[in-house]
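The values are calculated or read from the model by the stated rules, or taken from the named source; none is laboratory data. Source: prediction; values computed, not measured. No Cβ is skipped: glycine too gets one built from the backbone with ideal geometry, and neighbour counts run over all protein chains shown.
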Ligand SMILES: Nc1ncnc2c1ncn2[C@@H]1O[C@H](COP(=O)(O)OP(=O)(O)O)[C@@H](O)[C@H]1O
Ligand SMILES: [Mg+2]
């Protein structure tokens, strides 16, 4: 029961970071390996405002969203778009963007190391107990989960009920058809990339309320987000959300039943099983 | 009035189009006939801004030059393309496809009237609004493709072999529909292998061979021309 609840609570924040990566990959077609560093930057932001001026992370993650959006928009516009323009095929772009964002991740790690040093950091926010069925859990985990859930639902509704959301889904389905109906594909991609970055940063801020971070831990979260997005089937954010819970539960179960050191290994076992038996993802559709 | 002047296109060293000029007046249906590989699709893509044109050519709509604009701006000016193989948003629903057709700013104001017109032209689509495009029959997908183009309220509609893969009955229905679209003063450029039916509804026609225009005449004269009959209408079934 314990495992189930902690796993689900963890899955909520995972869902948010993965959905950010998915928007970037699905719409802008950039596999962003610097996604984890954006997440860590979000965690640093929440930490800094909380310890420096007692601003609740719940406010900070919304407050810095425009900054995160603008930074990621600019990354797409000035670093990625030239690659997109000169790439001859989607495969070509994939290789280029993976190399470029991998390089970017080192730059970001370096900047964060210079700004904040290499220490682990954490802070106590809402560390009060909260009872679910007679068992105490930390409030911060519950609040982070509810917050993440609200973000995910909001994003889903936005994607499915507004013209702009429809535009992003259109580009994700077919850039070519999008161009033909008059969509500025580069503009829509920059928007999705910025939005995805802002969402990932918010996920980082929420995770920092109950996890310990350091400047170079981003790569681990990039890998987790990748596992989730590929497991979810790449196409629909609902797939990623469910996959995030699968990962949250798996990690929690392995950590408490076997050994906390094995969580990442367990994530990979799940990942490899999915790739072997359902390469299109748990919820993906087989390519026709 | 749509005018494409001196359009040339090369894919690397391969010259696919050489100095092609085509005009289409408002409300006119113009057929472009040509064998496989003649360059028909290339011409339509060049007009839509989807492949690069050589310098020296131009595309104008009502006298305004639009040849150098990016694809999304060309749609904005009123040229819509129904591509070969339909090119729908496969994973989106019928109504989402049609809504996206009305993406150009120019088309937003009249979006609901255009939708009504499209659903009136293709009543099946009204029943299947929420169905995912990929799961429709070939004929229904073609209707979505044409409907999506119509939603952009175009002045000029270009269709790349729309009858490909349709049953003879659906084909006849399709050509009847195009004749109705023309009534809204839309210019139609129809690229077809089905020369018989396209010449039957067209006003004029062009012949394209190896990337060059080799003939231009009224549709009636083309249909009567023995060499056209031999090349495109099949010797066994003269028109
Ligand atoms: N993307 C491309 N790259 C290289 N050559 C192409 C490309 N598309 C078409 N071609 C060539 O250009 C010529 C014209 O093709 P196309 O316009 O598709 O003809 P059509 O539509 O009349 O069948 C053909 O020889 C074809 O092989
Ligand atoms: Mg063709």
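A few notes on this one:
- Number of positions in the stretch B:107-138 that are under 20 Å from the mean Cα position of the chain (by Cα) and under 19 Å from residue A:162 (Cα atoms): 2
- Condition check for residue B:60: buried (at least 17 other Cβ atoms within 10 Å of the Cβ), within 17 Å of residue B:157 (Cα to Cα) and more than 10 Å from chain A (Cβ to nearest Cβ): no
- Candidate set: the stretch B:194-209, residues that are more than 16 Å from ligand 1 (Cβ to nearest atom) and crowded, with 24+ Cβ neighbours inside 10 Å; chosen: the one farthest from the other protein chains (Cβ to nearest Cβ): B:199
- Checking the stretch A:252-275 against the condition returns a match, with at least one residue being out of contact with any helix residue (DSSP H, G or I) (no Cβ under 9 Å at 6 or more places or on another chain) and either at pLDDT 85 or above or in a helix (DSSP H, G or I) (or both).
- Residues of the stretch A:147-166 that turn out to be closer than 21 Å to residue B:153 by Cβ and more than 7 Å from chain B (Cβ to nearest Cβ), as a count: 2
- Each residue in the stretch B:177-193 was checked for being within 16 Å of ligand 2 (Cβ to nearest atom) and either surrounded by fewer than 14 Cβ atoms within 10 Å (Cβ to Cβ) or over 12 Å from the mean Cα position of the chain (by Cα) (or both), and 1 of them qualify.
- The stretch B:63-90 - residue that is within 16 Å of ligand 1 (Cβ to nearest atom) and farther than 18 Å from residue A:171 by Cα and, of those, surrounded by the fewest Cβ atoms within 10 Å (Cβ to Cβ): B:85
- Residues (within 16 Å of ligand 2 (Cβ to nearest atom) and facing chain A (nearest Cβ under 10 Å)) located in the stretch B:63-94: B:81, B:82, B:83, B:86, B:87
- As a summary of the residue check, residue A:253 satisfies the conditions (1) closer than 27 Å to residue A:102 by Cβ; (2) surrounded by fewer than 22 Cβ atoms within 10 Å (Cβ to Cβ) except for the one numbered (1).
- Considering residues of the stretch B:156-176 that are within 14 Å of chain A (Cβ to nearest Cβ) and away from ligand 2 (no atom under 16 Å from the Cβ) only, the residue nearest to residue B:85 (Cα to Cα): B:157
- Extreme residue, nearest to ligand 2 (Cβ to nearest atom), among residues of the stretch B:1-45 that are within 14 Å of another protein chain (Cβ to nearest Cβ) and on the phi < 0 side of the Ramachandran plot: B:41
- Just one residue in the set B:170, B:121 is more than 23 Å from residue B:103 (Cα to Cα) and surrounded by 15 or more Cβ atoms within 10 Å (Cβ to Cβ); that residue is B:170.
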